[in-house]
Every structure is written in structure tokens, then in C-alpha cells.
Amino acid sequence: MKTHASLRLRFENLEIPAPDFHHEDHVKVAFEMLEAYDFLEASTRYATTIRTMACRVGVPEKFNVTITLAFMSLVAERKSLCPAADLDTFLAKNNDLLDKHVLRRWYSDERLTSAKARGLFLLPDAGNRAA
């Protein structure tokens, strides 16, 4: 059984085929990257690796700066609320992060999937509505 840290290392080393990297893996890697690096370094490494994965499978347009940075920010904020939690405890307390549409609480679909959102970070437009 692979540890969560080894998932992060496999991710950073681009050893995970993009089709095998699912939303739950995104959550786990985000958590582990925030354990290993400060927020800016973790976000940069996370975004760079995801962009590279998308390019390698011929879909660079799938990379979205807004989704990536908003998601990393959400995980970081949640980690700050339970700083001593390991990944399994963190996921148990924050299982809404496992919903790949969690950002819809703050973003409309139109804004989150716009061409602008793919290239630069956009602030939320939907307030704090229920998903």
C-alpha cells in the first residue's frame, strides 16, 4: 500500500498517468504538498505539475488557474482549522472537499469554466451559497 507522501512524490515526478489521477487524488496531493511546502511553493508546484500533465496528454486547455488556486486555497484554509490532523482525519472532517464541484459554493459555472479563468486567477462571484 502506497503512503500519501509517496503519492505526492509520484505526482511531482510525473509518474501518475493523467487518466489515473482522480479528484480524490487531487485532494490528497494538495494536502501533502501543503504539509511539505509553504502555501506559495505548494501552489506553484501543484499548478505546474497539473499543467504539465494536461499538456502531456494533449489537452493543455484543461488546465485552469482559477480552479487550481482556489482549490489549493480552500485546502490550505481547512488545514489551518485542524493543523495537527493527518490526511485521513482531515478528510473525515472535510469530506465536502471530495466533491469535485465544491468550488460552486463560491463560483458560478460560467466564471469557473471561462477562458479567463483558465489563464488567470479570478475572484469568486457567487457569494457563500450552498452547493
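Laboratory data are not the source of any read-out in this text; all were calculated from the coordinates shown. Nothing here was measured: the structure is a model prediction, and the numbers come from that model. A quick note on method: Cβ atoms are made from the backbone with ideal geometry, for glycine too, and the neighbour counts reach across all protein chains shown.
Arranged from highest to lowest average of other beta-carbon atoms within 10 Å per residue, in what order do the peptides 80-86, 23-29 appear?
Sorting 80-86, 23-29 by mean packing, highest first, produces 23-29, 80-86.
Using the number of other C-beta atoms within 10 angstrom as an exposure proxy, rank Y37, Y107 with the fewest first.
The fewest-first ordering by Cβ neighbours comes to Y37, Y107.
Would you please classify the overall shape of the chain from the alpha carbon gyration tensor, given that a ≥ b ≥ c denote the square roots of the eigenvalues, rounded means a/c under 1.5, and beyond that prolate means a/b larger than b/c while oblate covers the rest?
oblate
Normalised by the residues of the chain, what does the relative contact order come to in percent, with Cα pairs under 8 Å and at least six apart?
25 percent
Divide by every residue of the chain the summed helix terms, -39500 (n - 2.57) for each DSSP H run of at least 4, and state the resulting mean residue ellipticity at 222 nm, rounded to the nearest 500 deg cm²/dmol.
-17000 deg cm²/dmol
For S108 and H23, compute 0.36 nm times the residue count separating them, minus their Cα-Cα distance, and round to one decimal in nm.
28.7 nm
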